[in-house]
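Just below is one structure, and these are the notes that go with it.
The values are calculated or read from the model by the stated rules, or taken from the named source; none is laboratory data. Because the structure is a prediction, the values reported are computed rather than measured. Cβ coordinates were reconstructed from backbone atoms using ideal geometry, including for glycine residues, and neighbour counts include every protein chain displayed. Accessible surface areas use protein heavy atoms only, side chains included; no ligands, DNA or RNA. Shrake-Rupley method; radii C 1.70, N 1.55, O 1.52, S 1.80 Å.
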Amino acid sequence: MKISIGSVAALLLFCLWSANVVADEHESKESKQEMLAEMWIMVPKAGKMEELEQAMREHVKFRRSKEDPREWYFYTPVFGHKLDRIGVRAGGFTWKDMDSYRDWAMKEGITDHWQKTADQYVDHYHHYLSIEDDENSHWGPGVEFNYVGVTTYTPKAGHRRAIKEDMKKMADAAKAQDWPYNWGFSHSVAGRGELTLAVPYKDWSAMAPPEQEFAELLSEHMGNEEDAMALLESWGSHFEEISYNVWALRRDLME
């Protein structure tokens, strides 16, 4: 989408672990600039989903008239029992950009317009900021999609380094073996330090398992099945909880 919201499953999407981890990342990547993604989830008041959607369309036009410097994408969840919610996400900006974007929003009256149009229909908000892991992702420009499958991993304490090591091994294998998907990893700045894996899909048929399962691909890359199974078991052992949902791209709210 091509807009932005002031006041998200995906997603998507699509999240390193806690404020202390952010500091660690700055130290280990002094020469690399971290890229961020921001997501808002708006939960409407009972029976007000339609009114919220219409108000958001109006707000989108306003932001576009002010030449919003961010490109926002709108999503709604496909599965689960909490379907009445709208996720709004933008990525690809720096920590410094957070300041300039705040200043732009204040100057152009973005928050005031949101308060006058859509806020009256919102019961409550969720707000997330994440660090995009470009090194272990494979998304790139020009990816066409209408859905995003979002896997959320809640890490166990003390597993951060091992998670990074196993993630790199699997991502490198997928790239080397031409795994037929795009994907994006991100790491939550706050909360429980969740790791998110987002996979874009053009349609439902694209979600069907590929001819070659990832475990088989990993076995070929590593040279034997035993090492591949050990890596997958190691990966799964790092997390307290793993959840999945599909988020539909709401183009009708973005135009």
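Just wondering, is there one or more residues in segment 100-114 that are at pLDDT below 95 and of a type in the set (Lys, Arg)? Scanning segment 100-114, I find no residue that is at pLDDT below 95 and of a type in the set (Lys, Arg), so the answer is no. Look at (1) surrounded by fewer than 18 Cβ atoms within 10 Å (Cβ to Cβ); (2) touching a strand residue (DSSP E or B) at 6+ places or on another chain (Cβ under 9 Å) and you find that residue 53 fails only one, number (1).
Among the residues of segment 166-209, those identified as open to solvent by less than 20 Å² (accessible area, probe 1.4 Å) and either in contact with a Cys (Cβ under 6 Å, 6 or more places away or on another chain) or farther than 19 Å from residue 242 by Cα (or both) are 173, 174, 186, 187, 188, 195, 196. Only one of the numbered conditions (1) part of a helix (DSSP H, G or I); (2) modelled with pLDDT under 95 is not met by residue 228, and that is (2). Among the residues of segment 136-157, those identified as modelled with pLDDT of 95 or more and not hydrophobic (A, V, I, L, M, F, W, C) are 136, 137, 138, 146, 147, 149, 151, 152, 153, 154, 155, 156. Scan segment 235-246 and tell me whether some residue there is part of a helix (DSSP H, G or I) and open to solvent by 30 Å² or more (accessible area, probe 1.4 Å). Yes, because at least one residue in segment 235-246 is part of a helix (DSSP H, G or I) and open to solvent by 30 Å² or more (accessible area, probe 1.4 Å). When the residues of segment 115-152 are filtered to those that are of a type in the set (Phe, Trp, Tyr) and surrounded by fewer than 21 Cβ atoms within 10 Å (Cβ to Cβ), the one that is nearest to residue 82 (Cα to Cα) is 125.
Across segment 61-75, the qualifying residues are those that are in contact with a strand residue (DSSP E or B) (Cβ under 8 Å, 6 or more places away or on another chain) and not in a helix (DSSP H, G or I), and the one among them that is most open to solvent (accessible area, probe 1.4 Å) is 71.
Looking across segment 115-173, the residues that are under 16 Å from the mean Cα position of the chain (by Cα), within 26 Å of residue 51 (Cα to Cα) and assigned to a strand (DSSP E or B) come down to 126, 127, 128, 147, 148. Scanning segment 210-230 for residues that are surrounded by fewer than 19 Cβ atoms within 10 Å (Cβ to Cβ) and aliphatic (A, V, I, L, M) yields a count of 4.
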